[in-house]
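Novice: Would you mind keeping the following structure in view while I ask a few things?
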Amino acid sequence: MSEPSSYGPNARREQQPVKEMDDTELADVVLRPYGEGSTFYVNWEVRPKDPGHAILRTQVVVEPKGIVPIDYNIIAQCVSTDGGVRVPPGVMLRGESTHRNIPPNTSVKITVFGEVQFSDGANGWYSYCRVVVSGSDVLTPCEA
């Protein structure tokens, strides 16, 4: 599911708890960005570190430097088939997003954050932030 990354008053974008800081105590995050011409892809995977926990929600924000982001905000949520938000232990989320009109050699900040559900139904946050130059696969940590 994709939502516009509008910064206006009606934006539904949720702020991560600690901006641009890695907090991966609860989850492992894997990013594999790659590009083909002016199309930039982000392959992502988030899995709980504790097999008794589950990834409940993941938000991936792609921010190319110097380009106004439109539809670069991806949200994935795990919902059980009975309509509830409690998910079975061990659930991970993975996906790939496509972002157009990002020229090669553009600096792109990728922020991944969301919630981990504990076995008792309580939730905790995770966050991960990296910068990559489109057309490269070298990820560097975001500045604090």
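Novice: Does residue 51 meet the test of being over 26 Å from residue 136 (Cα atoms) and modelled with pLDDT of 90 or more?
Specialist: On the way: over 26 Å from residue 136 (Cα atoms): yes; modelled with pLDDT of 90 or more: yes.
Spelling it out, residue 51 is indeed over 26 Å from residue 136 (Cα atoms) and modelled with pLDDT of 90 or more.
Novice: Of the conditions (1) among the small types (Gly, Ala, Ser); (2) open to solvent by less than 40 Å² (accessible area, probe 1.4 Å); (3) at pLDDT below 90, residue 27 satisfies every one except a single condition; which number is it?
Specialist: Residue 27 satisfies all of (1) among the small types (Gly, Ala, Ser); (2) open to solvent by less than 40 Å² (accessible area, probe 1.4 Å); (3) at pLDDT below 90 except (3).
Novice: Right, here's the next one. Tell me which residues, restricted to the range 109-134, are open to solvent by less than 20 Å² (accessible area, probe 1.4 Å) and either at pLDDT below 90 or over 16 Å from residue 30 (Cα atoms) (or both).
Specialist: 117, 124, 134
Novice: Of the residues 56, 31, only one is over 16 Å from residue 131 (Cα atoms) and of a type in the set (A, V, I, L, M, F, W, C); which?
Specialist: 56
Novice: Against the conditions (1) in contact with a Lys or Arg (Cβ under 6 Å, 6 or more places away or on another chain); (2) buried (at least 20 other Cβ atoms within 10 Å of the Cβ); (3) more than 21 Å from residue 27 (Cα to Cα), where does residue 102 fall short? Just the number, please.
Specialist: (1)
Novice: For the range 20-39, which positions are of a type outside the set (Ser, Thr, Tyr) and touching a strand residue (DSSP E or B) at 6+ places or on another chain (Cβ under 6 Å)?
Specialist: Answer for the range 20-39, where residues must be of a type outside the set (Ser, Thr, Tyr) and touching a strand residue (DSSP E or B) at 6+ places or on another chain (Cβ under 6 Å): 20, 22, 23, 26, 27, 28, 29, 30, 31, 32, 33.
The values are calculated or read from the model by the stated rules, or taken from the named source; none is laboratory data. This one's a predicted model, so the numbers in the text were calculated from it and none came from an experiment. Quick reminder, even Gly has a Cβ in these numbers, built from the backbone with ideal geometry, and neighbours come from all protein chains shown. All accessible areas refer to the heavy atoms of the entire protein, side chains included, with ligands and DNA or RNA removed. Shrake-Rupley method; radii C 1.70, N 1.55, O 1.52, S 1.80 Å.
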